[in-house]
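I have placed the structure first, in the form of structure tokens, so that the comments after it can refer back to it.
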Amino acid sequence: MAPNLKTDPLRVSFSLFSETIVHAIFPRHGGVSPEPWASLNVGLGVGDSQENVLENRGRIKTALGVERLVSCRQVHGTTVRRVERAPEEDVELESCDALITGVPGVGLMIQQADCQAVLLHDPVAEAVGIAHSGWRGSVGNIIGATIAAMTAAYRTRPADLRAGIGPSLGPCCAEFVNFRTELPPALHSYQVRPNYFDFWAISRDQLLAAGVKKENIETAGRCTVCSPEFFSYRREGRTGRFAAVIGLR
């Protein structure tokens, strides 16, 4: 029997977030997609059928109680899009890697298979944001760009923000043999052993540098390569994408 997405014990949430929002990071289980995307794949363009992906996204909407999902056609960049009104139907925005909104009932969704989803909630201005941060996002500091966009749009004070760093490539498995050409010198100090890097720590420090308080940052601390309940590109190659979603009730 497929797990109930509302009660799946593998679903990840953050205790720092208040009940004024809905959020979750869903494992790979509880959908309709066949192998190698089994089963809750939310990624279009990875070889799975659109019918399966839309059914899986619909199950996530039902589980969270959101009316619409807005997602990104992710490009590993630093573009942030603002959702200013609820769309008439689910929409995937082109060429962006972060979303912000102050509109209730809209779920902002990031698709993952080792990259981080960083979830943000401003409980004072009542706004949320979510960023897709792979290693290129870390290099470009998409976290800082997302917080800056929330500050400009909603007068967010970074000290008010709550932040959650989701399951993703952990320091145990984040091997970058070409790090000298891929990562700037400022990130080389995050090397935990030869060629392995702690991108959770990089994200935490980028949040701190943007003004988020240390006590308002929560890290899931689960490596997607080590955890078979999540899709992992490094582990599997051809695989699906799992969902991280945040929205205002």
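Condition first: crowded, with 24+ Cβ neighbours inside 10 Å and within 15 Å of I202 (Cα to Cα). Now tell me which residues in segment 120-153 satisfy that.
Scanning segment 120-153 gives A131, H132, S133, G137, I142, I143.
In a strand (DSSP E or B), surrounded by 15 or more Cβ atoms within 10 Å (Cβ to Cβ) and aliphatic (A, V, I, L, M): does that describe A163?
yes
Just one of (1) within 17 Å of the chain's Cα centre (by Cα); (2) modelled with pLDDT under 95 trips up Q116, so point out which.
(2)
Yes or no, residue by residue, for (1) buried (at least 19 other Cβ atoms within 10 Å of the Cβ); (2) touching a strand residue (DSSP E or B) at 6+ places or on another chain (Cβ under 9 Å); (3) over 22 Å from S13 (Cα atoms); (4) of a type outside the set (D, E, K, R):
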{"site": "S33", "(1), (2), (3), (4)": "yes, no, yes, yes"}
{"site": "P36", "(1), (2), (3), (4)": "no, no, yes, yes"}
{"site": "L40", "(1), (2), (3), (4)": "yes, yes, no, yes"}
{"site": "V53", "(1), (2), (3), (4)": "yes, no, yes, yes"}
{"site": "A63", "(1), (2), (3), (4)": "yes, yes, no, yes"}
{"site": "E67", "(1), (2), (3), (4)": "no, yes, no, no"}
{"site": "C72", "(1), (2), (3), (4)": "yes, yes, no, yes"}
{"site": "V80", "(1), (2), (3), (4)": "yes, yes, yes, yes"}
{"site": "E88", "(1), (2), (3), (4)": "no, yes, yes, no"}
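Against the conditions (1) within 14 Å of the chain's Cα centre (by Cα); (2) of a type outside the set (K, R); (3) under 17 Å from G137 (Cβ atoms), where does L187 fall short? Just the number, please.
L187 satisfies all of (1) within 14 Å of the chain's Cα centre (by Cα); (2) of a type outside the set (K, R); (3) under 17 Å from G137 (Cβ atoms) except (1).
Those residues that are surrounded by fewer than 18 Cβ atoms within 10 Å (Cβ to Cβ) and either hydroxyl-bearing (S, T, Y) or part of a loop (DSSP other than H, G, I, E, B) (or both), I need them from segment 205-218; list them, please.
Hits for segment 205-218 are G211, K213.
Quick one: how many residues across segment 219-249 are among the hydrophobic types (A, V, I, L, M, F, W, C) and part of a helix (DSSP H, G or I)?
The total comes to 0.
Only residues that are assigned to a helix (DSSP H, G or I), in contact (Cβ under 8 Å) with a residue 40 or more places away in the chain and out of contact with any Pro (no Cβ under 6 Å at 6 or more places or on another chain): list them for segment 143-159, please.
Those that are assigned to a helix (DSSP H, G or I), in contact (Cβ under 8 Å) with a residue 40 or more places away in the chain and out of contact with any Pro (no Cβ under 6 Å at 6 or more places or on another chain): I143, G144, A145, T146, A148, A149, M150, A153, Y154, P158, A159.
Here is a yes/no grid of residues against (1) of a type in the set (S, T, N, Q); (2) surrounded by fewer than 20 Cβ atoms within 10 Å (Cβ to Cβ); (3) more than 14 Å from G170 (Cβ to Cβ):
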residue: A186; (1), (2), (3): no, yes, yes
residue: F199; (1), (2), (3): no, no, no
residue: S203; (1), (2), (3): yes, no, no
residue: G221; (1), (2), (3): no, yes, no
residue: E236; (1), (2), (3): no, yes, yes
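The values are calculated or read from the model by the stated rules, or taken from the named source; none is laboratory data. Remember, predicted model here, so these are calculated numbers, not experimental data. Note: ideal-geometry Cβ built from the backbone for every residue, glycine included; neighbour counts use all protein chains shown.
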